[in-house]
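Working notes for the structure below.
The values are calculated or read from the model by the stated rules, or taken from the named source; none is laboratory data. As the structure is a computational prediction, the values presented were derived from the model and not from experiment. With ideal geometry, Cβ positions are generated from the backbone for all residues, glycine too; neighbour counts draw on all protein chains shown.
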Amino acid sequence: MAKTPDKAAELKLLYDMLAIRRFEEKAQQQYQMQKIGGFLHLYIGQEAVAVGSVAATRPDDYMITAYRDHGHALARGMGMNEAMAEIFGKATGCSQGLGGSMHYFDKARNMMGGHAIVGGHVPLGAGFAFAARYRGEDRVSLCYMGDGAINIGAFHEALNMAALWQLPAIFICENNQFAMGTAATRSNHLKELVDRGAGYNMKSVVIDGMDVREVRDRISEICASIRQKPEPYWVECRTYRYRGHSMSDPGTYRTKEELEKHKKDDPITNFSSVLIKEGLLTDAEFKKMDAEIKALAAESVKFAESSPNPDLARLHDFTLVETDPNYRPVPTTPEGKNENPFQCHFTA
Amino acid sequence: MAKTPDKAAELKLLYDMLAIRRFEEKAQQQYQMQKIGGFLHLYIGQEAVAVGSVAATRPDDYMITAYRDHGHALARGMGMNEAMAEIFGKATGCSQGLGGSMHYFDKARNMMGGHAIVGGHVPLGAGFAFAARYRGEDRVSLCYMGDGAINIGAFHEALNMAALWQLPAIFICENNQFAMGTAATRSNHLKELVDRGAGYNMKSVVIDGMDVREVRDRISEICASIRQKPEPYWVECRTYRYRGHSMSDPGTYRTKEELEKHKKDDPITNFSSVLIKEGLLTDAEFKKMDAEIKALAAESVKFAESSPNPDLARLHDFTLVETDPNYRPVPTTPEGKNENPFQCHFTA
Amino acid sequence: MEMREITYRQALNEALAEELDRDQNVFLMGEEVAQYNGAYKISQHLLERFGPKRIIDAPIAEAGFAGIGIGAAMVGLRPIIEFMSFSFSLVAFDQVANNAPNMLTMSGGQFHCPIVFRGINGPAHQLGATHMHATESLYSNFAGLKIVIPATPRDAKGLLKSAVRDDNPVLVMEVELLYGAKGLVEPPMPEYDLLVPIGKAQVVRSGADLTILTYGRGLAMSLEAAELIATQHGIQVEVVDLRSIKPLDVETIFNSVAKTHRAVVVEQGRPFCGVASELCFQIQEHIFDELDAPLRRVSMEEIPVPYSEILEHATLPSMEKIVAAVQKVCGV
Amino acid sequence: MEMREITYRQALNEALAEELDRDQNVFLMGEEVAQYNGAYKISQHLLERFGPKRIIDAPIAEAGFAGIGIGAAMVGLRPIIEFMSFSFSLVAFDQVANNAPNMLTMSGGQFHCPIVFRGINGPAHQLGATHMHATESLYSNFAGLKIVIPATPRDAKGLLKSAVRDDNPVLVMEVELLYGAKGLVEPPMPEYDLLVPIGKAQVVRSGADLTILTYGRGLAMSLEAAELIATQHGIQVEVVDLRSIKPLDVETIFNSVAKTHRAVVVEQGRPFCGVASELCFQIQEHIFDELDAPLRRVSMEEIPVPYSEILEHATLPSMEKIVAAVQKVCGV
Ligand SMILES: Cc1ncc(C[n+]2csc(CCOP(=O)(O)OP(=O)(O)O)c2C)c(N)n1
Ligand SMILES: Cc1ncc(C[n+]2csc(CCOP(=O)(O)OP(=O)(O)O)c2C)c(N)n1
Ligand SMILES: [Mg+2]
Ligand SMILES: [Mg+2]
């Protein structure tokens, strides 16, 4: 669909990718300075997937991903401050410092969290889609996972039920070629990961995950179709992880040459040149944008450092909730049982 | 391969199927007389699958199945006496009365057990195949499961690894159309269950599970090919369960008509008439065979009733084993690391 | 208000029907819950009444539908997930124990999970080693879950209804061997809205000499044992039904044991790191000086449950074992 | 014989190498164990030395490769299955807890499973709510498993080697925070074949006034606390390292507590139905009259572990908490 690109929208794609890149470079630096602990999994190289797909969604669509979650949260609009503060374990963090790098949650933006058990979040992603159908809403659930996650049971069970019940979910496999040190070719016997969808009779699509426009446009088409006719999609986004699996990873399982080769596909560098070629961006503007973003990233570290720790006195306040006395049940109407346009599918 | 049928072999197929049928009719009767407790899942209607596939194997091939396991054990050569005694919970049972109907084990015959957690035994089946490859043996592992078992995680993980490592396993889905009251069409979105194999890039085959010769011949071909070139197969055997899921099942989820229709495909009646048509069997011989078998089934009940209960004094003797002091380790040879002809696949 | 005698099974069925009727955000999902009316008929007639949107047959995929329920709960629905048995929840263990109860902490308080996991749990009859696990001790080691185990039809109804209205993940562990048991229960809604509070134990029989702390299947056996002991030895046993494993009603427990100075715990599962061990720790920690004798426990034998009926009986807790334990503690 | 100082990590690596070398039926399977040399480098150089047949990288499919291991063990191989963390074993829970330990019973004694499941377990540093479960209390509730938790390099090597030679399923729960810790260990094979018996505790520090029962990560903290208390209050604390959770060395435990009459249990996990509660039950059951004060326990707080470093520290067992518990028990 050759429509003339909307300049602001295109620039936002670049901006969002760059913001993720610079934010994580800062986070990495802070980690190396031992200002933060735990695991830190960087998304650098994969920015086009989160940014492109989020650009294709509505704010009320759900998204959920694994522990490599900074990019998704920032793409969805989370501020760098609350993101950085979370890694610092501060009360001002997006999860009040209780979640850390692997658990970025942002309820207001329907960012349903980063999750640390491989595959464990995939049924949750199906659950959001289930809820949308249950309520007869045309919201879509975007569920991201890595190439290593498609071999675990929870993934299988979720995709099978999503297909059975025709849930409005997009299961996006971010195939960055590796699960820690295990190349995707060593974790399954598939020719291409997209083929896994055939085992569920689910519509399956491959997308170039290094091309942000491609990701946005293809996911937009899928979302549009799902809102018309709810059904799940299996999407393989081909991308690449430029950093180690986590900060402790020496990365000996791949050659420098392989890494360099993939860096030629850098989603940010490439897209910026495209925009410049198209006259939507000048080199100077790009530099200015980068400077702005770097300033925000630096600022986020100051914010995190100067933020208070979580309140020790509330240590036990996040285990159980007080049941909300003002909760209003929705009584079952006579038509209650027939009101869901999609109910048929639940017994399909 | 049109070879003239070997009479003895053909008659054994009929005999084995009939033995399962009569044995289970007896078991059912005993259950109704409340002589036995627990769950009792009858195989009646599916006899051709176990009998045909076992006829295609070598005694050193492994087999493992779920809780609907009487047919597999008997087809493998277990005596009716030890089979019936097991349901009676007697010390003379195939599992000394500790396993019951759902846990028929027969180590001498490489019957690796009936298993009661849906899908939980599938990785074990892959494990036997793994061991065969590890040792460089050309044994095959037959792993049976129901149509309801293909939607659970353990199944997925086992098939993915079996494909990845090219394990010599045949995963036989006995599609008897129902998982308890859930029609196979209501537990997944596949057009045909055989399609699930595509999600693992595994060779996939459909077999008429009501035709014992068909089952034997097709599984024989697969075994022969696996012994040449180890790799897993995904096999859907189309069959039907004539009795309820278990004794407590009213079976209201299917019509009498449907049941009657499928009874026309009775693997035993049909095969007996074929043999009679082919002149390999006379009606009289068939009646005689049936009478013999019925006598054995009746005898097995007497055997079970007159058998002793397990020894209460040994209640705690089956939780941990004494480590065998005579175990002889096999020291690693210099070539140790290269001796497995298939090792390449383990890192494929 | 007329009390009615209904079965534990009917009580659970009523609880489901009343909560489904009260709130469209409530739905029931599990294997065979809809068209089959439940493997144990707990969801009898619910499909007819509430339709396929609310009563949903799931494939055999416990981890998957437990997780779908958790996701649905995070966005405001109130799922009731049926495990045909909590023994089968072991394949969904990570979802139930490591996802649902952690969501509130991981999200810094943004997401909670109003979800109920329910089904049979603990000893049944001759189902063998894999099917009769008493999982309460496993799940109670995790923080962020509530666990109730009703021993009577009234508690079955009242605790399940309270569980559905609780904003936290609640495990309702039912006792298959009690499904047919009868008891008095208040009339159904709209006439009466029976809610039994989670976290409150009940003194079912009072006595001065020894306290039996029990729950679920253990209650009936303990009451039987108490009568026998009263007639045989004139020993008056107090019987406390815990009803909730988590939160634990320590006040009622401590009060009773502080009065009788002796206790036997009758649990459903194996002893090692079981419920009895936890009760023992808390009792001795708080009322050490009140104890005149060591606590004893009646548990499953520490072996996988064998199929043979006589071995099974020897493996499971029994009235005889309770009597023996009480005699031992009282030195008679 | 020269003792060498090596790390807990090296000790485990030596144990694996020696057992792999000793017996071709032994193989190591898990995520990243081969080409990556192990996520925590426990299998360093093993792929080079033993080749891809013996050292096998598995996909992320814990239930699947745990089950493949169980199958292989049933037919005579001796698998060592590495869980990158026992927290991830929760997705394989049914295989580890409901398959391996039941095989002997279900098959009437025909099949046993000589298999080792190993990996890190319990507290680590800022990994959050899902990654730091102390699973020993969960698995120990099942019958048919042995569980060891080494606290020193020597025990790490000796217990792992004993586990590989045991004909039963053995869980070897390693302590990530100790991987870098050093200790004296006998020379490697062929010079010395170090086997530490499963089921034997060890009195690591003797004292007359109070017994600390601990294991794993708790040992170092307890010894530190013991020194502090000795200097501060002149109280002599005996420290017992359980080493095996199952079978439990009750003799050593009872002897120590019968001598000191006071005990504190320092466990790795949450308290409810935890290891401390089990020890407490058995102690009061067998040597009730020897106890001069209630047992106390130092455990994780009963909450999902938060990420924030200060909250995490407040959540996990610590030297300060041990000191406080001892002071409380001794009334100082
Ligand atoms: C059930 C489980 N097993 C193992 C792990 C440890 N682990 C964390 S990330 C990871 C690799 C995942 O790779 P992939 O799915 O490709 O995602 P990526 O890291 O490439 O984004 C592993 C094995 C885990 N967190 N959960
Ligand atoms: C994990 C698990 N969930 C549920 C059950 C209860 N259950 C036993 S058999 C069965 C149906 C299985 O159907 P299928 O796989 O088609 O085998 P069939 O009974 O038809 O031979 C169910 C749900 C179980 N045993 N294990
Ligand atoms: Mg990856
Ligand atoms: Mg079936």
Inset, instruction - Determine if the range B:131-146 includes at least one residue that is over 22 Å from D:VAL75 (Cα atoms) and more than 8 Å from every other protein chain (Cβ to nearest Cβ). - result: yes
Inset, instruction - Kindly list the number of the only condition in (1) surrounded by 24 or more Cβ atoms within 10 Å (Cβ to Cβ); (2) within 24 Å of A:GLY71 (Cα to Cα) that fails for A:SER187. - result: (2)
Inset, instruction - Working carefully through the options A:ASP324, A:ASP265, A:ASP317, find the one that is farther than 30 Å from A:SER95 by Cα, acidic (Asp, Glu) and outside any helix (DSSP H, G or I). - result: A:ASP265
Inset, instruction - Answer yes if at least one residue in the range A:60-76 is facing chain C (nearest Cβ under 9 Å), of a type in the set (A, V, I, L, M) and buried (at least 24 other Cβ atoms within 10 Å of the Cβ), and no otherwise. - result: yes
Legend entry - Sole residue being surrounded by 24 or more Cβ atoms within 10 Å (Cβ to Cβ) and within 15 Å of ligand 1 (Cβ to nearest atom), chosen from A:GLY146, A:GLY97, A:GLY93, A:GLY199: A:GLY146
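A quick yes/no check of all residues on (1) within 16 Å of ligand 2 (Cβ to nearest atom); (2) basic (Lys, Arg); (3) out of contact with any helix residue (DSSP H, G or I) (no Cβ under 8 Å at 6 or more places or on another chain):
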| site | (1), (2), (3) |
| --- | --- |
| B:ILE222 | no, no, yes |
| B:ILE226 | no, no, yes |
| B:TYR240 | yes, no, no |
| B:PRO250 | yes, no, yes |
| B:GLU257 | no, no, yes |
| B:LYS263 | no, yes, yes |
| B:ASP266 | no, no, yes |
Inset, instruction - Kindly establish whether B:HIS115 is within 11 Å of chain A (Cβ to nearest Cβ), within 16 Å of ligand 2 (Cβ to nearest atom), of a type outside the set (S, T, N, Q) and within 28 Å of D:ALA97 (Cα to Cα). - result: no
Inset, instruction - Check the range B:177-200 and report whether any residue there is more than 10 Å from chain A (Cβ to nearest Cβ), within 16 Å of ligand 2 (Cβ to nearest atom) and within 16 Å of the chain's Cα centre (by Cα). - result: no
Inset, instruction - Just give me the residues in the range B:67-98 being within 15 Å of ligand 2 (Cβ to nearest atom) and either assigned to a loop (DSSP other than H, G, I, E, B) or more than 22 Å from B:TYR15 (Cα to Cα) (or both), in sequence order. - result: B:TYR67, B:ARG68, B:ASP69
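To keep it simple, each residue is scored yes or no on (1) out of contact with any strand residue (DSSP E or B) (no Cβ under 8 Å at 6 or more places or on another chain); (2) more than 30 Å from D:ASN13 (Cα to Cα); (3) of a type outside the set (Lys, Arg).
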{"residue": "D:LEU219", "(1), (2), (3)": "no, no, yes"}
{"residue": "D:THR231", "(1), (2), (3)": "yes, yes, yes"}
{"residue": "D:ARG243", "(1), (2), (3)": "no, no, no"}
{"residue": "D:PRO247", "(1), (2), (3)": "no, no, yes"}
Legend entry - Qualifying residues in the range B:208-235 (those that are under 25 Å from B:TYR253 (Cα atoms) and buried (at least 22 other Cβ atoms within 10 Å of the Cβ)) - the one farthest from ligand 1 (Cβ to nearest atom): B:MET210
Legend entry - Close pairs from the range A:30-46: first on the phi > 0 side of the Ramachandran plot, partner within 15 Å of ligand 3 (Cβ to nearest atom) and assigned to a helix (DSSP H, G or I), Cβ under 9 Å, at least 6 apart: A:GLY45/A:HIS262
Inset, instruction - Would you mind listing the strands (runs of 3 or more DSSP E) fully within the range C:1-76 where at least 2 residues are of a type outside the set (Lys, Arg) and under 23 Å from the mean Cα position of the chain (by Cα)? - result: C:4-7, C:26-30
Inset, instruction - For the range C:304-319, name all the residues that are buried (at least 19 other Cβ atoms within 10 Å of the Cβ), among the aliphatic types (A, V, I, L, M) and facing chain B (nearest Cβ under 8 Å). - result: C:LEU311
Legend entry - Conditions (1) touching a residue at least 60 places away in the same chain (Cβ under 8 Å); (2) within 13 Å of another protein chain (Cβ to nearest Cβ); number of the one not met by D:GLU301: (1)
Inset, instruction - State whether one or more residues within the range C:40-55 are within 16 Å of ligand 4 (Cβ to nearest atom), more than 21 Å from A:GLY125 (Cβ to Cβ), in contact with an Asp or Glu (Cβ under 8 Å, 6 or more places away or on another chain) and not aliphatic (A, V, I, L, M). - result: no
Legend entry - Which numbered condition C:LYS182 misses (of (1) surrounded by 23 or more Cβ atoms within 10 Å (Cβ to Cβ); (2) in contact (Cβ under 8 Å) with a residue 60 or more places away in the chain): (1)
Legend entry - Test: A:ILE293 is in contact (Cβ under 8 Å) with a residue 60 or more places away in the chain and assigned to a helix (DSSP H, G or I): yes
Legend entry - Qualifying position, being assigned to a loop (DSSP other than H, G, I, E, B), surrounded by fewer than 11 Cβ atoms within 10 Å (Cβ to Cβ), within 12 Å of another protein chain (Cβ to nearest Cβ) and modelled with pLDDT under 95, among A:PRO250, A:PRO308: A:PRO250
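What do you reckon, is C:SER107 away from ligand 2 (no atom under 14 Å from the Cβ), touching a strand residue (DSSP E or B) at 6+ places or on another chain (Cβ under 7 Å) and under 30 Å from A:GLY97 (Cα atoms)?
yes
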Inset, instruction - Give the residue that is farthest from the chain's Cα centre (by Cα), with candidates limited to residues of the range B:253-262 that are touching a residue at least 12 places away in the same chain (Cβ under 8 Å) and assigned to a helix (DSSP H, G or I). - result: B:LEU259
Inset, instruction - Kindly indicate whether any position in the range C:279-295 is within 7 Å of another protein chain (Cβ to nearest Cβ), over 21 Å from C:GLN327 (Cα atoms) and in contact (Cβ under 8 Å) with a residue 24 or more places away in the chain. - result: no
Inset, instruction - Could you grab me the full set of residues in the range B:142-159 that are charged (D, E, K, R) and either more than 9 Å from ligand 2 (Cβ to nearest atom) or out of contact with any strand residue (DSSP E or B) (no Cβ under 7 Å at 6 or more places or on another chain) (or both)? - result: B:GLU157
Inset, instruction - From A:GLU137, A:GLU157, A:GLU86, grab the single residue that is among the charged types (D, E, K, R), surrounded by fewer than 24 Cβ atoms within 10 Å (Cβ to Cβ) and more than 13 Å from the chain's Cα centre (by Cα). - result: A:GLU137
Legend entry - Single condition A:GLY119 does not satisfy, out of (1) surrounded by fewer than 24 Cβ atoms within 10 Å (Cβ to Cβ); (2) part of a loop (DSSP other than H, G, I, E, B): (1)
Inset, instruction - Select from the range A:148-192 the residues that are assigned to a helix (DSSP H, G or I) and in contact (Cβ under 8 Å) with a residue 60 or more places away in the chain and write down the one among them that is nearest to ligand 4 (Cβ to nearest atom). - result: A:LEU164
Legend entry - Residue count for the range D:259-278, restricted to those that are of a type outside the set (A, V, I, L, M, F, W, C), more than 8 Å from chain C (Cβ to nearest Cβ) and free of Cβ contacts under 8 Å to residues at least 60 places away in the same chain: 3
